[in-house]
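Written below as structure tokens is the structure these notes are about.
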Amino acid sequence: MNSNIDSFTSPFLTFNNGNKYPQLGFGTYYIDDQKAFESAYNIGYRLFDTAPMYGNESDLGNFFSKLNPKPKREDFYITTKIGPDMQGKDKAYKSCEESLKNLKVDYIDLVVIHWPGIYGKGKAKEIRAGTWEGLEKLYFEGKIKNIGVSNYYTNHLKDLLSRCKIKPVLNQIEIHPLLFPLDTINYCKENNIVVQAYCSMAQQDSKLVNNKIILKMAKKYKKSVSQICLKWALQHGIAILPRSKNKDRIKENCQLFDFEIESNDMEEINSLNCNYHVDWDPTNIE
């Protein structure tokens, strides 16, 4: 694939239920700009990741409903989430029905529990177990095609797998060269759960973007720092959700398929892991 591409097609990963999902999607964290959605769609992004917490489900729904020509529903993918304030069986069910209305779709491709913790009183384990029951009900009703989790570490996954009827297909967690939680990643692989990264650029933290090893790799491969970090994740078999409002950056973030990072360079990037969180840290959630 040429580095000057104007469009791309994402490779697909296969979930443990047989459904396919793009490995490269567009993160919409607090983006309500229709031009950003349009740029991403025109470049080739077909997976859009949102959440009630981002405040843009309706914006995204309006975008897809007004596309001309209108795509077939099976030709684009939407992920949304159950927020910590909507944990519990009934609340989760209600949250998903609200998301369906906001997104103006008959089904949602993937819904994940946003965070293993809860707001308010009660035992997190029991309440999030109820959340999962609500998602399973929606899955059996055909309103959700796939269900998964976010910010779940190994202990949270073990608890879920001991209770669930339907195994999660995906776990979305913070991953970048400074945070590479191998215990959780390996547990997901052992249980055929796709790992998806968010904050792949550590929110542009200077510890990452100015790192000498990352800058060395960018120079060697004639790529941007973002492209090096995103490609590193892809080569680990991890799904990614780069986010930007800038058209050129949106385009740059998908120009990842015309080079490979050599194995010794991958190991050098791996060595940067220092458990450095820039977002939610679920380590101490029961």
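The alpha carbon convex hull volume per residue for the chain rounds to 123 Å³.
Check each of the trypsin sites (Lys or Arg not before Pro) in the stretch 65-120 and keep only those in coil by DSSP with at most 13 other C-beta atoms within 10 angstrom; list them in order.
Listed in order of number, the matching sites are LYS72.
Comparing SER162, ASN19, GLN227 along the charge dipole axis of the chain, the residue lying farthest to the positive side is ASN19, per the Cβ-charge model. Centre-to-centre separation between the Cα atoms of the stretch 94-111 and those of the stretch 11-80: 13 Å.
Quick one: net charge of ASP279's neighbours, Cβ under 11 Å, K/R +1, D/E -1?
Working: positive: none; negative: GLU174, ASP205, ASP281.
Residues near ASP279 contribute -3 overall.
Which net charge results when you count Lys and Arg as +1 and Asp and Glu as -1 among the other residues whose beta-carbon is under 14 Å from that of TRP232?
Values: positive: LYS216, LYS220, LYS223, LYS231; negative: GLU260, GLU262, ASP265, GLU267, GLU268.
It works out to a net charge of -1.
Working note: Debye formula, equal point scatterers on the alpha-carbon atoms of the stretch 126-249, no solvent; log10 I(q)/I(0) at q = 0.10, 0.16, 0.21 Å⁻¹ is -0.39, -0.83, -1.14.
Based solely on its DSSP helices, what 222 nm [θ] is calculated for the chain when runs of n ≥ 4 H residues each add -39,500 (n - 2.57) and the sum is averaged over all residues, nearest 500 deg cm²/dmol?
Working: 11 runs with 108 residues, N = 286.
Calculated at 222 nm, the ellipticity per residue is -11000 deg cm²/dmol.
Mind sorting CYS199, CYS229, CYS274 by how few other Cβ atoms lie within 10 Å of their own Cβ, fewest first?
Numbers: CYS199 22, CYS229 28, CYS274 10.
Arranged by neighbour count, lowest to highest, CYS199, CYS229, CYS274 become CYS274, CYS199, CYS229.
Where Lys and Arg each count +1 and Asp and Glu each count -1, what net charge lies around LEU170 among other residues with Cβ under 14 Å from its Cβ? Walk me through the intermediate numbers first.
Working: positive: LYS20, LYS81, LYS145, LYS167, LYS189; negative: ASP49, ASP109.
Overall, the nearby charge balance is +3.
Report, in debye and to the nearest 20, how large the dipole of the stretch 71-142 comes out about its Cα centre when Lys and Arg carry +1 and Asp and Glu carry -1 on their Cβ. Could the numbers behind the result be given before it?
Working: 13 positive and 12 negative charges, 64 e Å.
Its charge dipole is roughly 300 debye.
Can you tell me how the stretch 32-109 classifies by the Cα gyration tensor, rounded, prolate or oblate, using a/c under 1.5 as the rounded cut? It comes out prolate by the Cα gyration axes.
Stretching SER206 away from THR9 to a fully extended chain increases their span by 67.8 nm, per 0.36 nm per residue minus the current alpha-carbon distance.
Under the convention that each Lys and Arg Cβ holds +1 and each Asp and Glu Cβ holds -1, the size of the dipole of the stretch 1-90 around its Cα centre is about 320 debye.
Relative contact order of the chain: 20 percent, from C-alpha pairs under 8 Å at least 6 residues apart in sequence. Summarising the amide proton neighbourhood of ILE82: residues at separation of 5 or more, or on other chains, whose placed amide H is nearer than 5 Å comprise VAL112, ILE113, HIS114. Think of the chain as a dipole: +1 on every Lys or Arg Cβ, -1 on every Asp or Glu Cβ, centred on the Cα centre; then among GLN34, CYS274, VAL195, GLN34 lies furthest on the positive end.
Mean-square fluctuations from a GNM of the chain, with a 10 angstrom spring cutoff on Cα atoms, peak among ASN56, ASN264, ASN17 at ASN264. Among the trypsin sites (Lys or Arg not before Pro) within the stretch 179-286, those in coil by DSSP and having at most 16 neighbouring Cβ atoms inside 10 Å are LYS222, LYS245.
Where does each of CYS164, CYS254 land when they are ranked from fewest to most other beta-carbon atoms within 10 angstrom? Could you put the intermediate results ahead of the total?
Values: CYS164 15, CYS254 23.
Ascending Cβ contact count within 10 Å gives the list CYS164, CYS254.
State to the nearest 20 debye the size of the charge dipole of the chain about its Cα centre, where the only charges are +1 on K and R beta carbons and -1 on D and E beta carbons. Please list the in-between numbers first.
Working: 38 positive and 35 negative charges, 58 e Å.
Around 280 debye, computed over the chain.
All of the numbers you see were taken from the coordinates with simple rules; none came from a lab. Note that the structure is predicted; figures quoted are calculated from it, not measured. Counting neighbours? That spans all protein chains shown, and the Cβs are built from the backbone with ideal geometry, glycine included.
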